[in-house]
Amino acid sequence: MSNEDDESVGVMDIRLVRHTFSHQGVEGFLYYEGEDQAAFATLELPWRDNARGASCIPRGRYECIWAKSPRFGMCYHVLDVPGRANILFHNGNYAGNLKLGFRSDSSGCILLGMKHGVLGGQKAVINSRAARRKFEDDLAGEKFLLTIDER
């Protein structure tokens, strides 16, 4: 196949590297292609065997597109997650295990922040609305490939 037929040519690669795992959420950093400095902090639900509404998604490589969500309006959607749907990048502060009494603004999505911190005694991402706006402005509706890994 020639490069002209490859739809991924010219599509930005973005890496999400998870680094801290707890019942209060999975902390990570989002890196734009070719950059060594993180663009954003991320927070996801703890790993619970990819359970819908209760777990972060599996490590892997996913296509992400700009599309409308009934709850969050236009935002980025992570496609083709095994056994899952409606995985979004959106704003929120918390992604803890609800069954253990932690707060959560996520049902399996990826929360963006300008940095990690603590709010009300729980791990959180800070300045989430500003981070989401900057992320969406940076990408301007263009699709991208997301690689999720752990260190």
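Partners of Lys134 within straight-line reach, counting lysines whose Cα lies under 24 Å from its Cα and excluding those fewer than 8 residues away in the same chain: Lys68, Lys115, Lys123, Lys143. Under a Gaussian network description of the chain, with springs only between Cα atoms under 10 Å, the residue in Gly120, Gly28, Gly141 that fluctuates furthest is Gly120. Taken one residue at a time, the phi angles of the range 58-71 give Karplus couplings (6.51, -1.76, 1.60, θ = phi - 60°) of x, 4, x, 10, 9, 7, 10, 10, 8, 7, 8, 10, x, 8 Hz. Gly and Pro are set to x. The relative contact order of the range 11-127 comes to 24 percent, based on Cα pairs under 8 Å that sit 6 or more residues apart. Working note: Karplus 6.51/-1.76/1.60 with θ = phi - 60° gives the range 33-46 the couplings 3, x, 10, 9, 9, 5, 8, 8, 8, 10, 9, 9, 4, x Hz, where Gly and Pro are set to x.
Here is how the number arises for the chain: DSSP H runs of 4 or more residues each give -39500 (n - 2.57), the sum is divided by the residue count, and the result at 222 nm is -2500 deg cm²/dmol. Taking amide H positions as modeled 1.01 Å from N, with prolines and chain starts lacking one, the residues under 5 Å from Ser69 and 5 or more places away or on another chain are Met74, Cys75. Surface composition of the chain: carbon and sulfur atoms hold 47% of the protein heavy-atom accessible area at a 1.4 Å probe.
The values are calculated or read from the model by the stated rules, or taken from the named source; none is laboratory data. For clarity, every value in this text was computed on a predicted model and none was experimentally measured. In case anyone asks, the SASA skips ligands and DNA or RNA and just uses the protein heavy atoms, side chains included. Shrake-Rupley method; radii C 1.70, N 1.55, O 1.52, S 1.80 Å.
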